Amino acid sequence: MIEILQWSTLTACALVAIARIPSALRGKNRTLFYIFALMTLAILLSIEAPYLAIDQALGGVNVANLILRLVIFAAIFFMGIRITRGFGAPDAFRLIAGRIGMAVLAVTSVVVVVLFVMMDTGGSSVGLVAVAGQDDQDRDLVQYYGAAGRAYPAYVSLVLLPAMVRAVGSTLPTMVRIAAILLGVGSVAVALTLIFPFYPPNWGAARFVINYTAVLCYVFGLALIAFARVWSGRSGPRPKTSTAK
Amino acid sequence: MPIPAKAFQRWLHGIAPNTSTSDVCRESGIKRTTLAQQLVRGKVAESTVVSISRAYNVNPVAALAAFDAYLQLADTRPPTRSELVSQISTPDLLRAVLARSAADPGGAPAAAAPALDPPPHATSVKNWVEAIDDGELRHRVSAGTGIAPQNYSAQLTANRLAPELAVATSLAAGVGPASGLVATGLVTEAEAGWPAGARQAALDSLSDGELTTLAGDRLQTLGRALRRQEHDQEKTEKIWENLG
């Protein structure tokens, strides 16, 4: 079940990335292509078989996991910038790309890298499960490492959330508001990852569902906005009847 | 609430006996599939009754009054002056302002004004409700019919009002029950029993001050709506630009 969810998410994200290639080649919103490409890579690295294959190629010391964390940081950073600019949220934009935002990004990145270096990471293992099983110290380090890796995405998501709520309640086109709902749900899901350590141990499936809900909501939300643009271009500007004449 | 199919069939038999459904559809210009669907669902739209009434030379308001849900329509009270004025389109009001200011004071009246646009116009539903609202009207309608206030407002903003709500609004305001159906465009002024030229007469009876204030209010509302629309358009463009 979880495998199906993983591979279908990967397929969906890859398809959206491919669909963005033509506009990226034309130089239109190239960042969006990078966001989807980074997300595709991140999903690929979170599935067991490709993770093991890639990590083996990189020396089998779980460097792929570190790459995964940093790829997620990059994707969420660019996404935050694009979304706050698009939805006209200058405060949120400053909290992501301004001094505070860059500081949060730098601190979490450094913490992730340092913790990674401190661990004995030999032996490829998805989610560093095997590493955590080695001894008490490594188990704690893996916990902190995971928490730091979730902290930055959760920070950006929480910054985005108010702008999404505003957009949903606005009088913007319906498709844009639906997209804002999706992005908002994705943000809530990412924020929920922050409290993973407090979930009961047998809630492993819940973590997967939350992670993939977040990814799918973000991918479909962003794709829907692009689709809405094409759609509105095709049907032409329609005057509102209430203000006709 | 739309009309029950059974009552509709009985009524149809009364005004067009021995006529097949397809003949009725051809006469009244209703799509056969539409009518068939409404009959299958057991609920016939008020507009269907109106179209068929017109085709068979029956007054649509009287026809609707034959159904239980619309018994009140049998009361044919004349519209109030503010209702009549509310059903004059904004361009017509502005033309009246210009015509009056151009007219030579004390001199011969200007040439007869061109006929007023018939209702409904772009904001006729909201204007009508505002014309009969004593401040508590919306509250009474939502309490009486169970419609949520925000849904009621949304209909007014979209220049729509379900026929049963239009009648309920009239009753709650104590005005002629068919006026709302005129404002929504379901029936014409004449069908609702409004005297010919009543709107023009109401317009002529407005003092210069009343007319100018009214036209100003209308312009202000229109300006606000346009600005909001432009603002939304700008925001949408920005979203396209960054995320499209």
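The values are calculated or read from the model by the stated rules, or taken from the named source; none is laboratory data. All of these numbers come straight from a predicted model, not from anything done at the bench. Neighbour counts run over all protein chains shown; Cβ positions are idealised from the backbone, glycine included. We work out accessible area using only protein heavy atoms, side chains counted, and drop any ligands, DNA or RNA first. Shrake-Rupley method; radii C 1.70, N 1.55, O 1.52, S 1.80 Å.
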**Reachable aspartates and glutamates, given that their alpha-carbon falls under 18 Å from the alpha-carbon of B:Lys31 and they are not under 8 places away in the same chain** = B:Asp23, B:Glu46
**Request:** Would you mind pulling out the separation of the Cα centroids of region A:55-92 and region B:1-62, in Å?
**Result:** 62 Å
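So what's the back-of-envelope 222 nm ellipticity for the protein assembly as shown, counting only DSSP H runs of four-plus at -39500 (n - 2.57) apiece and dividing by all residues, rounded to 500?
On the way: 25 runs with 340 residues, N = 489.
About -22500 deg cm²/dmol.
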**Prompt:** So what J values fall out for region B:219-233 if you push phi through Karplus, 6.51 cos²θ - 1.76 cosθ + 1.60 with θ = phi - 60°, rounded to Hz, Gly and Pro as x?
**Reply:** 4, 5, 4, 4, x, 4, 4, 5, 4, 4, 4, 5, 4, 4, 4
**Request:** Mind checking which of B:Pro17, A:Ile100, A:Ile67 is farthest towards the positive end of the protein assembly as shown's charge dipole, using Cβ charges of +1 (Lys, Arg) and -1 (Asp, Glu) about the Cα centre?
**Result:** A:Ile67
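What are the trypsin sites (Lys or Arg not before Pro) within region B:1-80 that DSSP puts in a loop, where the Cβ has at most 11 other Cβ atoms within 10 Å?
Working: sites: B:Lys6, B:Arg10, B:Arg26, B:Lys31, B:Arg32, B:Arg41, B:Lys43, B:Arg54; in loops: B:Lys31.
Qualifying residues, ordered by number: B:Lys31.
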**Fill in**
Computed D for the protein assembly as shown, Stokes-Einstein, Kirkwood radius over alpha-carbon pairs, 37 °C, 0.692 mPa s, to the nearest µm² per second, is 118 µm²/s
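What is the Cα convex hull volume of region A:2-236 when expressed per residue in Å³? Spell out each step's value before the answer.
Numbers: hull volume 30.7 nm³, N = 235.
Per residue, the Cα convex hull of region A:2-236 comes to 131 Å³.
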**Request:** For the protein assembly as shown, give the percent of accessible area contributed by carbon and sulfur heavy atoms, probe 1.4 Å, rounded to a whole number.
**Result:** 63 percent
**Message:** Give me a comma-separated list of calculated 3J(HN,Hα) values for region B:40-51, in order, Karplus coefficients 6.51, -1.76, 1.60 applied at θ = phi - 60°, integers in Hz, x for any Gly or Pro.
**Reply:** 4, 6, x, 10, 9, 5, 4, 5, 5, 4, 5, 4
**Request:** Calculate, for B:Glu136 and A:Ile47, the FRET efficiency according to 1/(1 + (r/R0)^6) with r their C-beta to C-beta distance and R0 60 Å; round to the nearest 0.05.
**Result:** 0.45
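Compute and list, largest first, the equivalent-ellipsoid semi-axes of chain B from the alpha carbon gyration tensor, each √(5λ) rounded to a whole angstrom.
Ellipsoid semi-axes (Å, largest first): 35, 26, 18.
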**Complete:** Here the FRET efficiency for B:Thr157 versus A:Glu3, based on Cβ atoms and R0 = 30 Å and rounded to 0.05, is 0.05
**Fill in**
In order over region A:30-38: 3J(HN,Hα) from phi, Karplus 6.51/-1.76/1.60, θ = phi - 60°, whole Hz, x for each Gly or Pro, gives 4, 3, 4, 4, 4, 4, 5, 5, 5
**Prompt:** When the dipole is taken about the Cα centre of chain B, and only Lys, Arg (+1) and Asp, Glu (-1) are charged at their Cβ, what size is it in debye, to the nearest 20?
**Reply:** 800 debye
**Request:** Rank A:Ala179, A:Val209, A:Val114 by how far each Cα sits towards the positive end of the charge dipole of chain A (+1 on Lys, Arg Cβ; -1 on Asp, Glu Cβ) and give me just the farthest.
**Result:** A:Ala179
**Asked** What does the accessible area per residue of chain A come to in Å², with a 1.4 Å probe and no ligands, DNA or RNA counted?
**Response** 49 Å²
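Magnitude of the Cβ-charge dipole of region B:3-74, K/R +1 and D/E -1, about the Cα centre, nearest 20 debye?
Values: 8 positive and 4 negative charges, 45 e Å.
Taking the Cα centre of region B:3-74 as origin, the dipole is about 220 debye.
What is the sum of charges around A:Ile96, taking Lys and Arg as +1, Asp and Glu as -1, for the other residues whose C-beta is under 14 Å from the C-beta of A:Ile96? Write out the running numbers ahead of the final one.
On the way: positive: A:Arg82, A:Arg85, A:Arg94, A:Arg99; negative: A:Asp91.
Within the 14 Å Cβ shell, the charges total +3.
Sort B:142-148, A:66-72, B:200-206, B:177-183 by the packing proxy (mean of other Cβ within 10 Å over each peptide's residues), most packed first. If you can, show how the numbers build up before the last one.
Values: B:142-148: 13.4, A:66-72: 20.3, B:200-206: 16.0, B:177-183: 28.3.
Listed from highest to lowest mean packing, they are B:177-183, A:66-72, B:200-206, B:142-148.
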**Complete:** Long-range amide H partners of B:Lys43, meaning residues 5 or more apart or on another chain whose placed amide H is closer than 5 Å, are B:Ala5
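Pulled fully out, how much extra length does the chain show between A:Gln137 and A:Ala205, if you take 0.36 nm times their separation in residues and subtract their Cα-Cα distance? List each step's numbers first, then the result.
Working: separation 68, 0.36 × 68 = 24.48 nm, distance 2.59 nm.
Here the segment from A:Gln137 to A:Ala205 would lengthen by 21.9 nm.
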**Request:** Excluding B:Ala173 itself, calculate the net charge of residues whose Cβ lies under 12 Å from the Cβ of B:Ala173, where each Lys or Arg counts +1 and each Asp or Glu counts -1.
**Result:** -2
**Prompt:** What is the dipole size for region B:81-205, taken about its Cα centre, with +1 at each Lys and Arg Cβ and -1 at each Asp and Glu Cβ, in debye to the nearest 20?
**Reply:** 160 debye
**Request:** Using label points projected 7 Å from each Cα along Cα→Cβ, tell me how many nm separate A:Ala130 and B:Gln72, to one decimal.
**Result:** 7.8 nm
